[in-house]
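See below for the structure under consideration.
The values are calculated or read from the model by the stated rules, or taken from the named source; none is laboratory data. This structure is a prediction, so every number in the text was calculated from the model and none was measured. Positions of Cβ are backbone-derived with ideal geometry, glycine not excepted, and every protein chain shown enters the neighbour counts. Heads up: the accessible areas ignore ligands, DNA and RNA and are worked out on the full protein's heavy atoms, side chains in. Shrake-Rupley method; radii C 1.70, N 1.55, O 1.52, S 1.80 Å.
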Amino acid sequence: MTGKLQLWRCIWQQVAVNRTSLFRTERFLHDGPDNVEELLDRHLVKKEKSLDDDEQELLNRRKLTSTRREALSLYRDILRASRFFMWPDSRGVLWRDVLRDNARKEFEEAKFETDPEIVIKLIVGGREAVQSALDKLANKQREQIDKERGGGG
């Protein structure tokens, strides 16, 4: 029984070797390029193609589309963060409403800005301002909680 099993293993191994050799095509020079032009094309640094005005405008629009998404995301974050500012200012208006009005005004002023660098600077500055305001709010709330615990205990 083991003799027959070993015979079949040898036969299947031969079939497997023959099958792989039938489907294998060999290339020389470790699958390198077929001619000199392909070799140079593959390994030399290519010049950047100069963009004409239409292509440059299209590229700027794509950048603006992504920055518009980021600006919309920032605006929504401002609205979400403003929910936490529920106390009135000196005029009696809730800080939440003041922050929302100021954000709306600043976004309206920057609405027609087309320079991608300026738009990105505005978005980064807005993100930093929101994060700073939330950090200050969290610190004040921690101080208030510590004060209440210290005074009540």
Failed item in (1) open to solvent by less than 70 Å² (accessible area, probe 1.4 Å); (2) out of contact with any Lys or Arg (no Cβ under 7 Å at 6 or more places or on another chain); (3) touching a residue at least 40 places away in the same chain (Cβ under 8 Å), with Phe84 passing the rest: (1)
Residue match in region 78-91 (condition: modelled with pLDDT of 90 or more and in contact with a Ser or Thr (Cβ under 6 Å, 6 or more places away or on another chain)): no
Residue in region 123-137 that is closer than 21 Å to Arg62 by Cα and of a type in the set (S, T, N, Q) present: no
Residue tally, condition within 29 Å of the chain's Cα centre (by Cα) and open to solvent by 100 Å² or more (accessible area, probe 1.4 Å), over region 132-153: 1
Matching residues in region 108-130 - criterion: being modelled with pLDDT under 95 and open to solvent by 100 Å² or more (accessible area, probe 1.4 Å): Glu109, Lys111, Phe112, Glu117, Lys121
